[in-house]
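To start, the structure under review is shown below, and the notes come after it.
The values are calculated or read from the model by the stated rules, or taken from the named source; none is laboratory data. Keep in mind the model is a prediction, meaning the values are calculated, not measured. Because the Cβ atoms are built from the backbone with ideal geometry, glycine has one as well, and the counts that use them run over all protein chains shown.
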């Protein structure tokens with residue numbers, strides 16, 4: 001996992017559930033097949049209603065047209081991000097689109113664990129409601145080691161809550177890598 | 001010894017190893033497997049050269065991506081067919097305690113086939129790559145949904161790395177009124193505490209109104225604990241539980257243990273509800289916590305009713321709907337989707353007023369599809385009952401987030417089978433007490 005992320009931010013609201021992150025109609029693709037796995041990137045966040053995608057203006061797709069990658073490097077969200085189903089395809093889809101971190105006010109627990117377990121992305125939390133401050137497209141700088149998110153466009157550096165004991169698992173790239181690195185698994 | 005909650009007892013009896021910081025390895029007794037969240041796990045297992053730790057813990061079925069109409073044609077969609085065939089091949093190679101493949105007489109939604117087939121027993125830890133695994137908590141199990149990495153982890157080690165949840169008791173005391181069901185109770189609870197009210201908690205449901213529910217009703221309550229953010233919901237086993245389980249226990253099944261919370265156990269959070277105050281309840285679009293009463297929504301015009309899913313597609317749910325629909329005709333298109341092949345067979349076995357449920361639904365103008373998750377989670381465009389247009393739908397399912405049942409512009413109202421059936425008759429959201437004779441046993445749904 002890279003320690004610094006620079007790039008454009010994509011802003012969404014509260015209760016973005018896993019059906020919005022990756023709609024069930026795309027769950028027949030097999031993530032274990034590299035050719036099919038790319039489609040999770042293409043359809044990442046495609047279930048977010050148009051008006052609520054890319055706040056505050058809305059109507060900004062996370063992945064444009066027929067491409068497989070997002071132009072956005074970070075998602076900023078409100079409360080209870082990733083609620084709903086236990087599909088690990090959700091953090092996988094965001095990561096497959098090229099986005100390796102989310103900063104939200106809070107997460108649903110299964111999504112949080114899936115993000116960490118698969119080593120897909122860093123599920124970062126902030127006490128501040130950044131959804132009302134950041135605009136989709138703002139260039140941001142995320143520093144995982146320092147635990148800060150900076151938005152030079154609008155000014156302001158925000159502290160992120162430490163990832164705590166899951167940091168090592170995210171850094172290792174998931175539970176299996178972590179278990180191997182720490183000697184728990186051969 | 002300090003008094004313990006049911007959750008704490010289930011937790012302690014399954015700890016394999018505990019770190020100083022409280023992180024623990026928890027032993028998993030039952031692993032339910034389906035086609036959507038398992039292929040990558042089997043692949044990972046294979047790549048690492050591992051075999052499952054305990055094959056006899058695995059019970060598998062195909063439910064999410066099986067055809068939702070025209071089973072006679074087989075699986076037409078090539079990607080879905082590949083996924084179901086991959087599960088067939090993986091189970092053939094790896095093994096399982098039981099596998100109910102596509103078209104098997106015991107196939108169906110994984111959370112209903114578990115209890116139906118005696119695979120869910122009190123005191124077990126139960127996991128599945130599906131968030132509605134909380135359903136099994138109705139049997140006094142510690143049950144929760146997991147992602148695919150954890151599916152692989154359980155196959156490889158029979159354990160999961162977990163942190164203990166905080167404890168919550170949701171107590172519902174008193175008697176539910178006629179026409180008020182388990183679905184109304186859980187929608188009222190979610191409406192009160194919110195979609196993240198249970199986040200970080202193990203939610204135990206208790207009180208005399210919960211005790212008075214059938215097993216199916218209790219399953220409906222625990223099923224939707226996840227919609228309140230709780231990874232699991234639990235109800236202590238009692239005579240009703242043991243009666244259900246003993247009827248379905250398999251020869252040679254492990255002895256099971258029915259434990260309950262100590263009388264003086266303390267919970268981090270307690271919510272109390274008066275059953276007598278609850279009324280037929282609806283969750284408005286687009287969140288399960290947007291609570292309203294059915295009688296307040298009479299102006300809402302509907303295009304469709306949907307009765308199905310692990311939440312509202314069990315035998316007792318269809319019995320309830322039949323009580324309302326018998327001898328009448330629906331005014332909007334109404335879809336009936338049994339949760340399992342067994343439930344489907346019950347439509348022919350069980351009667352209301354001398355007619356089978358299938359006869360009642362057919363005469364009422366409903367469309368009946370084969371057992372599957374179907375349109376509860378949208379699925380491919382041709383899914384039976386999928387809302388491909390911006391329709392207003394009343395549904396006995398569990399989620400109404402944007403796009404859950406298809407179109408992002410569709411509005412889904414979550415309700416009990418009684419309310420969905422009554423609304424199907426009028427084309428508007430309708431309080432079922434106006435259309436329902438008041439059969440108490442159906443009220444226990």
Across the stretch B:192-219, which residue is farthest from residue B:307 (Cα to Cα) among those that are within 14 Å of another protein chain (Cβ to nearest Cβ) and surrounded by fewer than 24 Cβ atoms within 10 Å (Cβ to Cβ)?
B:200
When every residue in the stretch B:420-445 that is part of a loop (DSSP other than H, G, I, E, B) and modelled with pLDDT of 95 or more is compared, the one farthest from the chain's Cα centre (by Cα) is B:427
Pick from the stretch B:31-52 the residues that are within 12 Å of chain A (Cβ to nearest Cβ) and assigned to a loop (DSSP other than H, G, I, E, B): which of them is surrounded by the most Cβ atoms within 10 Å (Cβ to Cβ)?
B:35
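Could you check the stretch B:98-118 and list, in sequence order, the residues that are at positive phi and touching a strand residue (DSSP E or B) at 6+ places or on another chain (Cβ under 9 Å)? Steps first, please.
We begin by selecting, within the stretch B:98-118, every residue at positive phi; these are B:103, B:108, B:118.
Answer for the stretch B:98-118, where residues must be at positive phi and touching a strand residue (DSSP E or B) at 6+ places or on another chain (Cβ under 9 Å): just B:108.
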When you look at residue B:10, is it in a strand (DSSP E or B), more than 9 Å from every other protein chain (Cβ to nearest Cβ), within 30 Å of residue B:260 (Cβ to Cβ) and in contact (Cβ under 8 Å) with a residue 40 or more places away in the chain, yes or no?
no
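If a residue counts only when it is closer than 24 Å to residue B:427 by Cβ, which helices (runs of 4 or more DSSP H) contained entirely in the stretch B:306-358 have at least 2 such residues? Lay out the reasoning, then the answer.
Working: elements: B:309-312, B:315-325, B:341-349.
Because the criterion is at least 2 residues that are closer than 24 Å to residue B:427 by Cβ, the helices (runs of 4 or more DSSP H) in the stretch B:306-358 that meet it are B:309-312, B:315-325.
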When you scan the stretch B:53-78, how many residues do you find that are touching a residue at least 60 places away in the same chain (Cβ under 8 Å), within 12 Å of chain A (Cβ to nearest Cβ) and either more than 21 Å from residue A:87 (Cα to Cα) or surrounded by fewer than 22 Cβ atoms within 10 Å (Cβ to Cβ) (or both)?
1
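Taking the stated definitions as given, is residue B:155 within 14 Å of another protein chain (Cβ to nearest Cβ) and in a strand (DSSP E or B)? I'd like the intermediate steps shown before the answer.
Values: within 14 Å of another protein chain (Cβ to nearest Cβ): yes; in a strand (DSSP E or B): no.
In short, no.
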Please state which one of B:147, B:137, B:95 is in contact (Cβ under 8 Å) with a residue 24 or more places away in the chain, touching a strand residue (DSSP E or B) at 6+ places or on another chain (Cβ under 6 Å) and either crowded, with 23+ Cβ neighbours inside 10 Å or within 18 Å of residue B:41 (Cα to Cα) (or both).
B:137
If you take the residues in the stretch A:1-57 that are more than 13 Å from chain B (Cβ to nearest Cβ) and part of a loop (DSSP other than H, G, I, E, B), which one is surrounded by the most Cβ atoms within 10 Å (Cβ to Cβ)?
A:44
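Does the stretch B:111-127 contain any residue that is closer than 26 Å to residue A:180 by Cβ and within 13 Å of another protein chain (Cβ to nearest Cβ)? Working first, answer last.
So the first thing to find is which residues in the stretch B:111-127 are closer than 26 Å to residue A:180 by Cβ, and the list is B:125, B:127.
If we keep only those that are within 13 Å of another protein chain (Cβ to nearest Cβ) as well, we get B:127.
So far as the stretch B:111-127 goes, yes, one or more of its residues are closer than 26 Å to residue A:180 by Cβ and within 13 Å of another protein chain (Cβ to nearest Cβ).
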For the stretch A:67-100, how many residues are crowded, with 24+ Cβ neighbours inside 10 Å, closer than 24 Å to residue A:172 by Cβ and away from every other protein chain (no Cβ under 13 Å)?
5
Got at least one residue in the stretch A:131-148 being in contact (Cβ under 8 Å) with a residue 12 or more places away in the chain, more than 9 Å from chain B (Cβ to nearest Cβ) and within 30 Å of residue B:309 (Cα to Cα)?
no
Among the residues of the stretch B:379-395 satisfying the criterion of being under 18 Å from the mean Cα position of the chain (by Cα) and modelled with pLDDT of 95 or more, which is surrounded by the fewest Cβ atoms within 10 Å (Cβ to Cβ)?
B:395
All but one of (1) in contact with a helix residue (DSSP H, G or I) (Cβ under 8 Å, 6 or more places away or on another chain); (2) part of a loop (DSSP other than H, G, I, E, B); (3) within 13 Å of another protein chain (Cβ to nearest Cβ) hold for residue B:384; state the number of the condition that does not hold.
(3)
Of the candidates B:298, B:313, B:327, the one satisfying the condition of being out of contact with any helix residue (DSSP H, G or I) (no Cβ under 6 Å at 6 or more places or on another chain) and either surrounded by 24 or more Cβ atoms within 10 Å (Cβ to Cβ) or under 22 Å from residue B:68 (Cβ atoms) (or both) is B:313
